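Enquirer: This is the structure, below, for whatever I ask next.
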Amino acid sequence: LEAWHSGSRMTFVSASTRTYEESDGVIHQRCLVAVRGEYYVIVDWLRGGVPGTPLAWLLHTPLDITPLPDGTVASPDGAPGMVVVTAPSTRAHATLGMDRGFGSVPVSYHDGYSSSQAWRDDVPYIRLDSCIDENLGGQVFGVVIVPFAHDRPNVYIHEEAGAAVGLGSNALSVEKNGQADTIHLTTSEGRTDCTVRRGLPNGDIVWSEGTK
């Protein structure tokens, strides 16, 4: 565990694992930002290994999800669902796929469901396929997940111009229904920090919260 923050507006956690280092030489760091009651940002940074080491980022969900022309994956309007948006740099270095496979689902998946049916082999999932390119500092998967109760929101991601592929300094802007949050991640000397700042179109700052 490298960082933990739980505040009034957002929760942030960062951790690394060397589980894959012995077999593939890969170090995996994950940062999770939760803007309370609104959305989640997952940033995975994988580095090391040999050039071309294959990577696959998976998200299983029992919800009805469909790829849209703009690269977003979303549930239809009118019922609880979610929107999944990938960062532009992630889309540039990864291939999006949809499939079904083995995974767990909540017992509320549908009426009459029982806990013995929680593990299924037909659970839909999103797949991002890529590979490590150490010339670019490894590979980063930046994904925003936005649950919604009824009306699907409009969600866009912008990235800081010239931002490094790694987490040395990485900034995302998440725009949702006209409001924009800037999420800034920095990693230095084994410490990862996060700041989230909400702004209005006129430049006013509504709130800002960070780990420092």
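The values are calculated or read from the model by the stated rules, or taken from the named source; none is laboratory data. Not measured: the values here are computed from a predicted model. Glycine gets a Cβ as well: all are built from the backbone with ideal geometry, and neighbour counts include every protein chain shown. We work out accessible area using only protein heavy atoms, side chains counted, and drop any ligands, DNA or RNA first. Shrake-Rupley method; radii C 1.70, N 1.55, O 1.52, S 1.80 Å.
Enquirer: List, please: which pairs have Cβ atoms under 8 Å, are six or more places apart or on different chains, and start with a residue in the stretch 177-188 that is over 18 Å from Asp204 (Cβ atoms) and end with one that is outside any strand (DSSP E or B) and open to solvent by less than 50 Å² (accessible area, probe 1.4 Å)?
Expert: What qualifies is Leu185/Leu167; Thr186/Leu167; Thr186/Gly168; Thr187/Gly166; Thr187/Leu167; Thr187/Gly168; Ser188/Gly168.
Enquirer: Here's another thing I want to ask about it. Would you point out which residue out of Gly49, Gly37, Gly81, Gly25 is crowded, with 17+ Cβ neighbours inside 10 Å and on the phi > 0 side of the Ramachandran plot?
Expert: Values: Gly37 fails: crowded, with 17+ Cβ neighbours inside 10 Å; Gly81 fails: on the phi > 0 side of the Ramachandran plot; Gly25 fails: crowded, with 17+ Cβ neighbours inside 10 Å.
Testing whether each residue is crowded, with 17+ Cβ neighbours inside 10 Å and on the phi > 0 side of the Ramachandran plot leaves just Gly49.
Enquirer: When you look at Asp44, is it at pLDDT below 85 and acidic (Asp, Glu), yes or no?
Expert: For Asp44, the condition - at pLDDT below 85 and acidic (Asp, Glu) - is not met.
Enquirer: If a residue has to be at pLDDT 85 or above and over 18 Å from Thr11 (Cβ atoms) to count, how many in the stretch 189-201 make the cut?
Expert: Number of matching residues: 2.
Enquirer: For the stretch 89-188, give me every one of the strands (runs of 3 or more DSSP E) that falls completely inside it and has 3 or more residues that are modelled with pLDDT of 80 or more and either of a type in the set (Val, Ile, Thr) or under 24 Å from Glu209 (Cα atoms) (or both).
Expert: Where strands (runs of 3 or more DSSP E) fall fully within the stretch 89-188 and carry at least 3 residues being modelled with pLDDT of 80 or more and either of a type in the set (Val, Ile, Thr) or under 24 Å from Glu209 (Cα atoms) (or both), they are 139-148, 155-159, 169-176, 179-188.
Enquirer: Listed residues Leu55, Leu63; which is assigned to a strand (DSSP E or B) and more than 14 Å from Val155 (Cα to Cα)?
Expert: None of the others qualify; the one that does is Leu55.
Enquirer: For the stretch 84-96, what are the residues that are of a type in the set (Val, Ile, Thr) and open to solvent by 20 Å² or more (accessible area, probe 1.4 Å)?
Expert: Scanning the stretch 84-96 gives a single hit, Thr95.
Enquirer: Which one is nearest to Leu1 (Cα to Cα) among residues in the stretch 189-212 that are acidic (Asp, Glu) and in contact (Cβ under 8 Å) with a residue 24 or more places away in the chain?
Expert: Residue satisfying both the conditions and the ranking: Asp193.
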